[in-house]
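A single structure is presented below for examination.
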Amino acid sequence: MTATTGPRRVLLAAPRGYCAGVDRAVIAVEKALEQYGAPIYVRHEIVHNKYVVQTLEKKGAIFVEQTQEVPEGSIVMFSAHGVAPVVHDEAAAGKLATIDATCPLVTKVHKEAVRFAKEDYDILLIGHEGHEEVIGTSGEAPDHITLVDGPEDVANVEVRDESKVVWLSQTTLSVDETMETVDALKSKFPNLLSPPSDDICYATQNRQIAVKKLAEDAELVIVVGSKNSSNSIRMVEVALDAGAPAAHLVDFAAEIDEAWLEGVTTVGLTSGASVPDVLVDGVLEWLAERGYGDVETVKTADESITFSLPKELRRDLRAEAAALAGDDPSEK
């Protein structure tokens, strides 16, 4: 590796890491394990982060892909990304007690979908095909929702009545990407209605604004996050679009290639909304060992939003699960 001359530094984004919805979901799993004991089943990854999932597995969480994999009379938690109504039906059919850890901002989009469907709108859902959040939102009104996966998808969109069309979006998209799609949709459907409030999550927006600021001065931007994390992937794209010469996504410090540091004096560092700070600390240590010990925080927003824990954690779910399964817990 060519030696880097001059002072070396790290620009550390603020805000970064856990958003309120992720914090709530992770704490919900921990509280459920503490309150009801293992196992607690979780449908899909509670959040899209490898380290978080592995840590919770060690504590007794069992992650499953389908509700039908959960044994009768057990407790199952739904992830922060939300689920379709059919999943609640599956849980009832399987005699399962449920904890819904859906992010309240995702729940808001679900409610908007239900309301516009009742008013017989065609709903154009901007998002990525196959993403759990998109599957959950689409399931609220499958007969009314059409997925639009980027501006290139707009040409294929058809609606029943151009005077009754509204757009909604996946909360973890790039703001710029979403508005590009919205502009294309408005060109095709001039009467397109916007949702009552911006559905891109506040944390997604804040982290993208911060990464744009890093890109102004950093020759390399490192985003800590998992490969299946939509908001983390978007941050790499945002950094490159904002002018960063290079940007990479890593789960852990060990994944950083030292060759990326060649000729780099300033490294920008941030993390996705489902990333605990311990992983960022690991990257800071790794960089410090290679001469990047000067760390400057770049603050672009204050975040004070918190969400209360799921109401189900205030009930005796083990007793409810036993009752659903027809067992008498007093006999055990």
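Against the conditions (1) outside any strand (DSSP E or B); (2) open to solvent by 30 Å² or more (accessible area, probe 1.4 Å), where does VAL275 fall short? Just the number, please.
(2)
So that you can scan it fast, the table gives a plain yes or no per residue for (1) open to solvent by less than 70 Å² (accessible area, probe 1.4 Å); (2) over 27 Å from ALA20 (Cβ atoms); (3) more than 21 Å from the chain's Cα centre (by Cα):
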{"position": "GLU219", "(1), (2), (3)": "yes, yes, yes"}
{"position": "GLU237", "(1), (2), (3)": "no, no, no"}
{"position": "LEU240", "(1), (2), (3)": "no, yes, no"}
{"position": "ALA247", "(1), (2), (3)": "yes, no, no"}
{"position": "TYR292", "(1), (2), (3)": "yes, yes, yes"}
{"position": "SER304", "(1), (2), (3)": "no, no, no"}
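Here is a follow-up. Which of the residues belonging to the range 243-283 are charged (D, E, K, R) and free of Cβ contacts under 8 Å to residues at least 60 places away in the same chain?
Once the filter is applied, which keeps residues that are charged (D, E, K, R) and free of Cβ contacts under 8 Å to residues at least 60 places away in the same chain, the range 243-283 yields GLU255, ASP257, ASP281.
Can you tell me which residues in the range 150-168 are touching a helix residue (DSSP H, G or I) at 6+ places or on another chain (Cβ under 9 Å), among the small types (Gly, Ala, Ser) and either part of a helix (DSSP H, G or I) or over 28 Å from VAL47 (Cβ atoms) (or both)?
ALA155
Being closer than 13 Å to ALA210 by Cα and touching a strand residue (DSSP E or B) at 6+ places or on another chain (Cβ under 9 Å) is the filter here; which residues of the range 245-274 pass it?
Residues satisfying the conditions are GLY268, LEU269, THR270, SER271, GLY272.
Identify all residues within the range 192-217 that are open to solvent by less than 10 Å² (accessible area, probe 1.4 Å), in a helix (DSSP H, G or I) and charged (D, E, K, R); write none if there are none.
Result: ARG207, single match.
If you don't mind, there's one more thing I want to ask. I'm checking my understanding of the structure. Among residues of the range 221-235 that are over 16 Å from LEU11 (Cα atoms) and not hydroxyl-bearing (Ser, Thr, Tyr), which one is surrounded by the most Cβ atoms within 10 Å (Cβ to Cβ)?
If we take residues in the range 221-235 being over 16 Å from LEU11 (Cα atoms) and not hydroxyl-bearing (Ser, Thr, Tyr), then GLY225 is surrounded by the most Cβ atoms within 10 Å (Cβ to Cβ).
Looking only at the range 83-116, which residues are hydrophobic (A, V, I, L, M, F, W, C) and touching an Asp or Glu at 6+ places or on another chain (Cβ under 7 Å)?
ALA84, ALA97, ILE99, VAL106, VAL109, ALA113, VAL114
Could you tell me which of the residues ALA13, ALA32 is buried (at least 22 other Cβ atoms within 10 Å of the Cβ) and in a helix (DSSP H, G or I)?
Only one candidate qualifies: ALA32.
Further question: Taking the condition modelled with pLDDT under 95 and closer than 17 Å to VAL211 by Cα, does GLU320 pass?
no
While we're here: Is the range 62-81 home to any residue that is within 21 Å of GLU133 (Cα to Cα), of a type in the set (Gly, Ala, Ser) and surrounded by fewer than 21 Cβ atoms within 10 Å (Cβ to Cβ)?
The answer is no; no qualifying residue exists.
Another one. Quick check on my filter: what residues within the range 187-232 are of a type in the set (A, V, I, L, M, F, W, C) and out of contact with any Asp or Glu (no Cβ under 9 Å at 6 or more places or on another chain)?
Correct list: LEU193, ILE200, CYS201, ILE209, ALA210, VAL211, LEU214, ALA218, LEU220, VAL221, ILE222, VAL223.
I would also like to ask the following. Only one of (1) charged (D, E, K, R); (2) free of Cβ contacts under 8 Å to residues at least 60 places away in the same chain; (3) in contact with a strand residue (DSSP E or B) (Cβ under 6 Å, 6 or more places away or on another chain) fails for GLU216. Which number is that?
Condition (3) is where GLU216 drops out.
On to the next question. Evaluate the following for VAL52: is it without any contact (Cβ under 8 Å) to a residue 40 or more places away in the chain, of a type in the set (A, V, I, L, M, F, W, C) and buried (at least 19 other Cβ atoms within 10 Å of the Cβ)?
Taking the combined requirement at face value, the residue does not satisfy it.
Okay, next question. For the range 139-160, enumerate the residues that are of a type in the set (D, E, K, R) and either modelled with pLDDT under 95 or closer than 18 Å to SER187 by Cβ (or both).
Those that are of a type in the set (D, E, K, R) and either modelled with pLDDT under 95 or closer than 18 Å to SER187 by Cβ (or both): ASP149, GLU152, ASP153, GLU158.
Evaluate the following for THR102: is it of a type in the set (Val, Ile, Thr), surrounded by fewer than 19 Cβ atoms within 10 Å (Cβ to Cβ) and under 28 Å from ASP176 (Cβ atoms)?
No: the conditions fail for THR102.
So is GLU45 in a loop (DSSP other than H, G, I, E, B) and open to solvent by 20 Å² or more (accessible area, probe 1.4 Å) or not?
When the stated conditions are applied, GLU45 passes them.
Continuing with this model, one more query. Restricting to the range 104-149, what's the tally of residues that are farther than 11 Å from ALA84 by Cα, of a type in the set (Asp, Glu) and not in a loop (DSSP other than H, G, I, E, B)?
Qualifying residue count, the range 104-149: 2.
The values are calculated or read from the model by the stated rules, or taken from the named source; none is laboratory data. Just so we're clear, the structure is a prediction, and the values are computed from it rather than from any experiment. In this analysis, Cβ positions are derived from the backbone assuming ideal geometry, glycine residues included, and neighbour counts consider all displayed protein chains. Accessible surface areas use protein heavy atoms only, side chains included; no ligands, DNA or RNA. Shrake-Rupley method; radii C 1.70, N 1.55, O 1.52, S 1.80 Å.
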